[in-house]
Amino acid sequence: MAALALTAVTTLNSCIKEIDPQSSTVTRDQAAAAPGAFENFVASITSSLNGDFTYGGSSHYPWDFGYPSFFLQRDVMGSDIAVETSGSEWYTTWYTSGTGLGPTYAVCQLPWTYYYGWIKNCNTVLDLAGAEPDEEHATGAGIAYAMRAMFYMDLARMYAPETYARNQNAETVPIVRETLGLAESTENPRATNKEMFEFILSDLDKAETLLAGYKRADKFTPDQSVVYGLKARAYLTMEDWANAEKYAKLAQQGYTVMTADQYLSKTEGFNKPNDSWMFGLTYRSTDPNITENDADSSWGSQMIVEVSGSECGYSANYVGPKRIDAHLFSTIPETDFRRMCWIDPALDEMETKAEILEALEPYTDDPAGVFATGYNVSARASLGCIELKFRPKDGEHLNQYTAFTVAVPLMRVEEMKLIEAEAAGMQDEARGIQLLTEFAKTRDENYEYGTHNEAYYNTSTGRFRNEVWWQRRVELWGEGFATFDVKRLEKGVIRSYEGTNHVDGYQWNQQSVPQWMNLCIVQSETNNNSACTNNPTPVAPVGNSDPFTWE
C-alpha cells in the first residue's frame with residue numbers, strides 16, 4: 001500500500017541482489033554504492049511491468065501477470081468485452097462489478113500492490129539521481145519521471161469518481177513522492193484531480209527535458225515521443241484541447257499507422273512492435289509467468305486463442321475466449337478490415353463442419369484448433385465474436401512457451417491520431433471531422449462520417465465525439481481504454497439487447513457512468529493512512545435489464 005511503500009526498496013529481476021543482513025532490505029547507501037546499481041534500477045522500472053507474480057508471489061493467479069492484466073480488468077467492466085461465463089471466467093470479479101471490488105476483498109489490493117510498487121521503483125531512481133540529475137543520471141531520471149506520470153495518470157482515472165474536466169476537486173489517490181517520509185505517509189490525503197494532474201504534468205515536463213536527444217535501443221523503454229503521447233493523454237482527460245492536439249501531433253513524428261496486412265497478420269498481429277507502436281512491453285521466455293503453471297498465468301493465456309495444440313491457455317483450452325460485444329461487432333462495416341479481428345457470427349449458421357473450417361481459413365492458420373475452442377471448449381459452443389486480434393508469436397500453435405512470449409502495445413500512433421482528431425474537432429468541428437475521416441479511411445476506404453451515432457450514446461457529447469469514441473472502441477479494443485473513455489465521456493453500459501452475447505444475469509443497461517468504475521482503495525491503506533478517504537463499495541445491479549432497442 002502507499003502508506004507502507006516507503007519501508008524498503010523492491011527487489012526485482014534486474015536489480016542488484018545485495019541485502020542488509022539485519023533488515024533483509026537494500027539500503028539507499030548500498031544501492032548507490034553497488035556497481036551498475038543506478039542502471040539496474042532504471043532497467044527495473046520497465047522490466048517489472050510484466051513477467052513476475054507480483055501480487056501473489058509464488059501463487060499462480062491467472063490475472064497476476066503485470067500491466068496488461070489491468071487492460072482486461074478495466075475493459076470487462078463495460079460493454080465491449082463479453083466474457084464466457086460468470087463462474088469460471090478469471091475476470092468475473094470485474095465483469096460482475098459488485099462487492100468483490102470493495103476495500104476488504106483481495107482483488108482490491110491488486111492495483112495498489114502493482115502501481116505503488118512501480119511508483120516505488122521510479123522514486124528509487126529519482127532519489128538516487130537527485131533533484132538536479134547530472135549527465136550520467138539524466139536519461140534514467142527522465143525515464144522514471146515519464147513512467148511515474150503514466151502510473152499516476154492510470155490511478156487518477158481509475159479512482160477519481162469524476163474526471164478532471166468534470167470536477168477538478170474530485171479525489172484521486174495519495175501522491176508518494178521520492179521525498180515523502182514514512183511519518184508523512186500516514187497522513188497523506190488523496191490528491192484532487194487538480195493537484196494530481198499538476199503533478200503529472202510537472203513530471204512529464206521534466207521527462208521531456210531529460211530525454212531530449214535520447215535514442216532508445218527498443219520500444220520497451222519510453223523516449224521523448226512517449227512523453228508527448230502521455231501529455232496528449234493528460235490534456236485529453238483535462239479537455240485542454242489545444243495542448244491535446246499539439247502533443248498528439250508531436251507524438252506522431254516518425255510513426256505510421258498499421259496497414260491491413262500488419263493489423264491482420266497471422267504471425268505478427270499485435271505481438272511484435274512495428275512502425276505504429278510507440279511503447280510496449282514483452283514477455284520473455286525466462287519470465288515466471290511463462291515458465292511456471294504451464295504459462296497459464298500470462299497475457300497470452302487470456303488473449304491468444306490459436307494455441308489449441310498445447311492443451312494449455314485459458315482462452316484456447318479451458319474457460320474459453322474473450323469476445324467483442326455483439327452489437328459493437330454488428331456496427332463494423334464489412335469494408336472495414338478491422339472486422340476480421342473477430343469471427344463473424346454468421347459462421348455459426350453454417351450447416352457443416354467442413355463449411356465452417358473453410359470459412360475460418362481467412363481468419364487463422366489453425367482453423368481446426370479455433371473450431372475446437374469455439375465448439376468444444378467455450379461454454380457458448382459458438383464461434384461468433386471470438387477475438388483473433390492478438391496472435392501467437394511467429395504463428396506458433398502448439399508450444400505455448402513460445403506462443404505466449406509476445407510483445408504487448410502500451411501506446412500506438414493510432415491513439416494519437418484519434419486524440420488529435422477529437423481535440424481538433426472540439427476547437428473546430430470541421431477540422432476534426434476531416435482528421436477523423438482521414439484516419440477512418442485507412443481502415444475502411446468507404447467510411448462516411450456520421451454512421452456510428454447509436455441512440456444510447458447520451459447526447460451530451462454530440463455526434464462528433466460519438467464518432468471518435470466508436471473509432472476508439474474498435475481500434476483500441478482490448479488495450480485498456482474502455483473504462484477511461486466511458487468515464488471521461490460520461491457514457492454508460494449497454495449489455496441487454498436482442499441478440500446480446502453478454503452473460504445471463506449480468507445483462508445490465510445503465511446510461512450513466514457506473515459506480516463500479518470508481519475503484520475502492522484497499523482497507524489496509526485507509527487503516528494506516530488516517531487522511532485517506534475511500535470510494536463507496538460498488539453495488540451491482542440485480543438481474544438483467546429490459547432489452548435496449550437500438551435506433
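The values are calculated or read from the model by the stated rules, or taken from the named source; none is laboratory data. All values reported here derive from a predicted model rather than from experimental measurement. Here Cβ is always computed from backbone atoms with ideal geometry, including for glycine, and neighbour counts include all displayed protein chains. The protein model used for the area step is the full one, side chains on, heavy atoms only, and it has no ligands, DNA or RNA in it. Shrake-Rupley method; radii C 1.70, N 1.55, O 1.52, S 1.80 Å.
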How much FRET efficiency would the formula 1/(1 + (r/R0)^6) give for Glu136 and Gln168, where r is the Cβ-Cβ distance and R0 is 56 Å, rounded to 0.05? 0.90
Quick one: 3J(HN,Hα) in Hz for region 147-159, Karplus 6.51/-1.76/1.60 with θ = phi - 60°, rounded, Gly and Pro as x. 6, 4, 4, 4, 5, 5, 5, 4, 4, 4, 6, 7, 9
Hey, any idea what Rg/Rh is for the chain, computing Rh the Kirkwood way over Cα pairs? 0.95
Could you give me the ³J(HN,Hα) list for region 181-197, computed from phi with Karplus coefficients 6.51, -1.76, 1.60 and θ = phi - 60°, whole Hz, x at Gly and Pro? x, 4, 5, 5, 5, 7, 9, 10, x, 5, 6, 6, 3, 4, 5, 5, 6
Quick one: which residues, 5+ away or cross-chain, put their amide H under 5 Å from the amide H of Phe279? H built at 1.01 Å from N. Leu410, Met411
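Could you order the peptides 174-183, 223-232, 477-486 from most to least packed, using the average number of other C-beta atoms within 10 Å per residue? Kindly include the intermediate steps, with their values, before the conclusion.
Values: 174-183: 15.5, 223-232: 24.6, 477-486: 22.1.
For the peptides 174-183, 223-232, 477-486, the packing ranking is 223-232, 477-486, 174-183.
Expressed in nm², what is the orientationally averaged projection area of the convex hull enclosing the Cα positions of region 273-400? It would help to have the intermediate numbers written out before the result.
Numbers: hull surface 34.3 nm².
For region 273-400, averaging the hull's shadow over all directions gives 8.6 nm².
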If one takes the longest principal axis of the Cα atoms in the chain, at what angle in degrees, from 0 to 90 and to the nearest 10, does the Cα axis of helix 37-47 lie? 20
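Please quote Rg/Rh for region 253-325 to two decimal places, taking the Kirkwood radius as Rh and restricting both calculations to Cα atoms. Please report the intermediate quantities before stating the final value.
Details: Rg = 14.3 Å, Rh = 13.9 Å.
Computed over Cα atoms, the ratio is 1.03.
Place the peptides 394-404, 320-330, 141-151 in order of packing, highest mean first, counting for every residue the other Cβ atoms within 10 Å and averaging per peptide.
On the way: 394-404: 20.5, 320-330: 23.0, 141-151: 27.0.
So the order, starting with the most tightly packed, is 141-151, 320-330, 394-404.
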At 1.4 Å probe size, with the rest of the protein present, what percent of the exposed accessible area of the chain is carbon and sulfur atoms? 48
Of the listed pairs Lys272/Lys417; Lys266/Lys487; Lys206/Lys246, which have alpha-carbon separations greater than 27 Å here? Lys266/Lys487
Sorted by chain and number, the residues with a modelled amide H under 5 Å from that of Cys385, at a separation of 5 or more or across chains, are Ile343, Asp344
Summing -39500 (n - 2.57) over the DSSP H runs of n ≥ 4 in the chain and dividing by its residue number, what mean residue ellipticity at 222 nm do you reach, to the nearest 500 deg cm²/dmol? -11500 deg cm²/dmol
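When all alpha-carbon pairs of region 119-229 are counted, what percent fall beyond 22 Å? Before the final figure, lay out each step's value.
On the way: 2096 of 6105 pairs.
Percentage above 22 Å: 34.
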Would you pull out the residues with amide H under 5 Å of Phe548's amide H, same chain only if 5 or more places away, H placed 1.01 Å from N? Ser496, Tyr497, Glu498
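Take every Cα pair under 8 Å in the chain that's 6+ residues apart, average their separations, divide by the length, and report that relative contact order as a whole percent.
On the way: 1093 pairs, mean separation 109.2, N = 551.
Contact order relative to length: 20 percent.
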What is the angle, in °, between the Cα long axis of helix 413-425 and the longest principal axis of the Cα atoms in the chain? Nearest 10 is fine, range 0 to 90. 90
Each residue of region 286-298 in order: what ³J(HN,Hα) in whole Hz does its phi give by Karplus 6.51 cos²θ - 1.76 cosθ + 1.60, θ = phi - 60°, with x for Gly and Pro? 9, 5, x, 5, 9, 6, 9, 6, 6, 6, 6, 9, 8
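Find how much the distance from Thr437 to Ala217 grows on full extension, using 0.36 nm per residue of separation minus their present alpha carbon separation; answer in nm with one decimal.
So the extension gain works out to 75.8 nm.
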Please report the orientation-averaged projected area of region 314-471, defined via the convex hull of its C-alpha atoms, in nm². 10.9
Any idea what Rg and Dmax come out to for region 101-151 if you just take the C-alpha atoms, in Å? 14.2, 46
